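Novice: This is the structure I have questions about; it appears just below.
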Amino acid sequence: MSTLLLRQVAIDTYKENVAYLHRECKLYRSEGFQALNKIEIHHRESGQSIIAILNVVDDDSITAPDELGLCEQAFDQFGEKEGVAVRIAHAPIPDSIKAVHRKIAGDRLDFDAYRGIARDIVANRYSKIEIAAFLVACAEIGLERDEVLYLTKAMIETGRRLNWGEPLVVDKHCIGGIPGNRTTMLIVPIVAAHGMLIPKTSSRAITSPAGTADTMEVLARVELSPHELHKIVRSQRACLGWGGTAGLAPVDDILISVERPLLMDSPGQLVASILAKKVAAGATHLIIDIPIGETAKVSNRNSALVLRKLFEYVGDHLGLNLEVILTDGRQPVGRGIGPVLESRDIMQVLKNDPRAPVDLREKSLHLAGRILEFDPDIRGGQGYAIARDILESGRALAKMQAIIDAQGRNPDPPQIGRLRQDVLASYTGYVTAINNLQMAHIARLAGAPMDKGAGVDLHKKLGDSVNVGESLYSIYAEFPADFEFAKESAEQNSGFSIGEKYDDERP
């Protein structure tokens, strides 16, 4: 078979290997290749090979007829220099695809089936279309609780597993869906100041206005190598890094890259995703936060209880000491929605600033207290008071500053967006509802999290009285186009409901 010259194509295909072949390439028609075929690429001398999805191009500036282009991810994985001669062939169908077909037909799969699927996905033997078929089958057919356990174990096996050599390694995770819910960045310094080990690897936002990693990046470097992560955790008893560089359950990152555009978040996938990452990160004791609210991921208590039982079942079989806490998810937590605004709220709480959001402070202390009670020397019910003392004494702030310095303080922290628009109340009364989804949508339209200073700053919360013409919240943006999109969305739907009275019926 003829060879092609390797070329790097500067395109980020986000978790998918993509190859580019010119339409005039002799191999294109002679070998029957078509767009979206999977091809196997070989380098004879090194024996290196990878699988990629084929795209066909008509532009010589991307790939010439005698070249094979590889996207950034595939080129890095292949590990060869530009200009080397490579051969291509039709990729074999992965054996595990038969299990996907069985799941689509409604069958229950065993551990070996899920392990085969996970291994083939992480080896890039699946296209995103095939991954989508697997995810939809799992969501629509459903996963029995044993299947969730099998999937979680299979996901753990696909990457590194950290071992801290200590019997008590704590962690906390929220299932998401609540804007501004940045409790992790307060819990970590409180717990670490007590002396407990809490190596926190967090995600960046995909569909939300900010993830913990996005907000922490306002203050410090978050892209830490495994060696740096270990060094920081050993010295500070904690870190607040981005999990993407740690290589923990990497198949989960690939699945998420397909789930999010499809707006899928089925309970089985949710549990497997969270617990696989936590076990791989070396956690032994874990708190799970499930917010309940009409516009949260979980809208009612019954659904929350079902999800809690699933977490507890899988966690127990993985050897995790796990506690699930149901919290109030009727509105955003704190005032800021967006990285810079959220980091402001966090530092206000740590500094015991009287302007600090009370709800963010109290929720963080409550969750931190429950984590502290994992310590056998702390009796049940004492955790909150100890967490409060650590915060009010300034020890939590000192620990946070030490973590920031250890990770590398941001020398030029971003500022709040230069464009501002206040959204005003149309009626006099009380705030009776705040739509989490709409507030997150407006903040994203404004530019968050890519523009870290963009977002929404809330001036009113549930139960607050408001007069007509009074500001409900401010929109901040850096670029005029984003600013206009956010303003237009807020004009169509402010996300706030105002009534004559407010009944505080907590879920």
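The values are calculated or read from the model by the stated rules, or taken from the named source; none is laboratory data. In this text the structure is predicted, and so the values were computed from the model without any measurement. Here the Cβ positions follow ideal geometry from the backbone for every residue, glycine too, while neighbour counts run over all protein chains shown.
Novice: Could you check how many residues of the stretch 1-18 are within 19 Å of ILE254 (Cβ to Cβ), part of a loop (DSSP other than H, G, I, E, B) and of a type in the set (A, V, I, L, M)? Working first, answer last.
Specialist: As a first pass, look at the stretch 1-18 and keep what is within 19 Å of ILE254 (Cβ to Cβ): 11-18.
Then drop every residue that is not part of a loop (DSSP other than H, G, I, E, B), which leaves 11-17.
Keeping just the survivors that are of a type in the set (A, V, I, L, M) gives 11.
The number of residues fulfilling the criteria is 1.
Novice: Counting only residues that are in contact (Cβ under 8 Å) with a residue 12 or more places away in the chain and within 19 Å of ALA205 (Cα to Cα), give me the strands (runs of 3 or more DSSP E) lying completely in the stretch 401-507 with at least 1 of them. Reasoning before the result, please.
Specialist: Values: elements: 419-424, 429-434, 455-458, 471-477, 496-499.
The qualifying strands (runs of 3 or more DSSP E) are 455-458, 471-477.
Novice: Consider MET450 against the criteria (1) surrounded by fewer than 23 Cβ atoms within 10 Å (Cβ to Cβ); (2) farther than 23 Å from LEU286 by Cβ; (3) at pLDDT 95 or above: it satisfies all of them except one. Which criterion is unmet?
Specialist: (3)
Novice: Check LEU310, LEU255 and return the single one that is outside the structural domain of ALA132 (by TED's automatic domain parsing), in a helix (DSSP H, G or I), buried (at least 18 other Cβ atoms within 10 Å of the Cβ) and in contact with a Lys or Arg (Cβ under 7 Å, 6 or more places away or on another chain). Explain how you work it out, then say what you get.
Specialist: Numbers: LEU255 fails: in contact with a Lys or Arg (Cβ under 7 Å, 6 or more places away or on another chain).
Criteria check complete, one pass: LEU310.
Novice: Next question, about the same structure. Can you tell me which residue in the stretch 187-233 is surrounded by the fewest Cβ atoms within 10 Å (Cβ to Cβ), limited to those that are touching an Asp or Glu at 6+ places or on another chain (Cβ under 7 Å) and in contact (Cβ under 8 Å) with a residue 60 or more places away in the chain? Outline the logic, then answer.
Specialist: Residues of the stretch 187-233 that are touching an Asp or Glu at 6+ places or on another chain (Cβ under 7 Å), as a first pass: 196-198, 200, 204-205, 210, 215.
Within this subset, residues satisfying the condition of being in contact (Cβ under 8 Å) with a residue 60 or more places away in the chain are 196, 198, 204-205, 210, 215.
Details: MET196: 19, ILE198: 27, ARG204: 17, ALA205: 20, ALA210: 32, THR215: 31.
If we take residues in the stretch 187-233 being touching an Asp or Glu at 6+ places or on another chain (Cβ under 7 Å) and in contact (Cβ under 8 Å) with a residue 60 or more places away in the chain, then ARG204 is surrounded by the fewest Cβ atoms within 10 Å (Cβ to Cβ).
Novice: Checking ILE198 against (1) under 24 Å from ASP289 (Cβ atoms); (2) outside any loop (DSSP other than H, G, I, E, B); (3) at pLDDT below 95, which test does it fail?
Specialist: Evaluating ILE198 over (1) under 24 Å from ASP289 (Cβ atoms); (2) outside any loop (DSSP other than H, G, I, E, B); (3) at pLDDT below 95 leaves (3) as the failure.
Novice: Yes or no: LEU21 outside any loop (DSSP other than H, G, I, E, B), under 15 Å from GLN8 (Cβ atoms) and in contact (Cβ under 8 Å) with a residue 24 or more places away in the chain? Quick ask: steps written out before the conclusion?
Specialist: Details: outside any loop (DSSP other than H, G, I, E, B): yes; under 15 Å from GLN8 (Cβ atoms): yes; in contact (Cβ under 8 Å) with a residue 24 or more places away in the chain: yes.
It is true that LEU21 is outside any loop (DSSP other than H, G, I, E, B), under 15 Å from GLN8 (Cβ atoms) and in contact (Cβ under 8 Å) with a residue 24 or more places away in the chain.
Novice: Which of the residues spanning the stretch 98-118 are under 20 Å from PRO250 (Cβ atoms) and touching an Asp or Glu at 6+ places or on another chain (Cβ under 8 Å)?
Specialist: VAL100, TYR114, ARG115, GLY116, ALA118
Novice: Still on this structure, I have one more. Scanning the stretch 387-398 for residues that are part of a helix (DSSP H, G or I) and more than 30 Å from the chain's Cα centre (by Cα), which turns out surrounded by the fewest Cβ atoms within 10 Å (Cβ to Cβ)?
Specialist: Of all residues in the stretch 387-398, those part of a helix (DSSP H, G or I) come to 387-392, 395-398.
Filter once more, keeping what is more than 30 Å from the chain's Cα centre (by Cα): 389, 392.
Values: ASP389: 13, GLU392: 11.
My answer is GLU392.
Novice: Can you find, within the stretch 1-58, the residue that is surrounded by the most Cβ atoms within 10 Å (Cβ to Cβ) among those that are of a type in the set (Gly, Ala, Ser) and more than 21 Å from ARG125 (Cβ to Cβ)? Can you show your working first?
Specialist: Here is the first cut: in the stretch 1-58, the residues of a type in the set (Gly, Ala, Ser) are 2, 10, 19, 30, 32, 35, 46-47, 49, 52.
Now drop any that are not more than 21 Å from ARG125 (Cβ to Cβ), which leaves 2, 10, 30.
Values: SER2: 12, ALA10: 9, SER30: 10.
Filtering first and then ranking leaves SER2.
Novice: Would you pick out the residues in the stretch 136-151 that are part of a helix (DSSP H, G or I) and surrounded by 19 or more Cβ atoms within 10 Å (Cβ to Cβ)? So that I can check it myself, show each step before the final result.
Specialist: Going residue by residue through the stretch 136-151, those that are part of a helix (DSSP H, G or I) are 136-141, 145-151.
Selection gives ALA137, CYS138, GLU147, VAL148, LEU149, TYR150, LEU151.
Novice: I would also like to ask the following. In the stretch 34-56, how many residues are in contact with a helix residue (DSSP H, G or I) (Cβ under 7 Å, 6 or more places away or on another chain) and in a loop (DSSP other than H, G, I, E, B)?
Specialist: 1
Novice: Out of all the residues in the stretch 87-106, which are surrounded by fewer than 17 Cβ atoms within 10 Å (Cβ to Cβ) and assigned to a loop (DSSP other than H, G, I, E, B)?
Specialist: Scanning the stretch 87-106 gives PRO92, ILE93, ASP95, ALA105, GLY106.
Novice: If you don't mind, another one. Is it the case that GLU67 is surrounded by fewer than 20 Cβ atoms within 10 Å (Cβ to Cβ) and either touching a residue at least 24 places away in the same chain (Cβ under 8 Å) or of a type outside the set (Asp, Glu) (or both)? Give the steps one after another, and end with the answer.
Specialist: Numbers: surrounded by fewer than 20 Cβ atoms within 10 Å (Cβ to Cβ): no; either touching a residue at least 24 places away in the same chain (Cβ under 8 Å) or of a type outside the set (Asp, Glu) (or both): yes.
In short, no.
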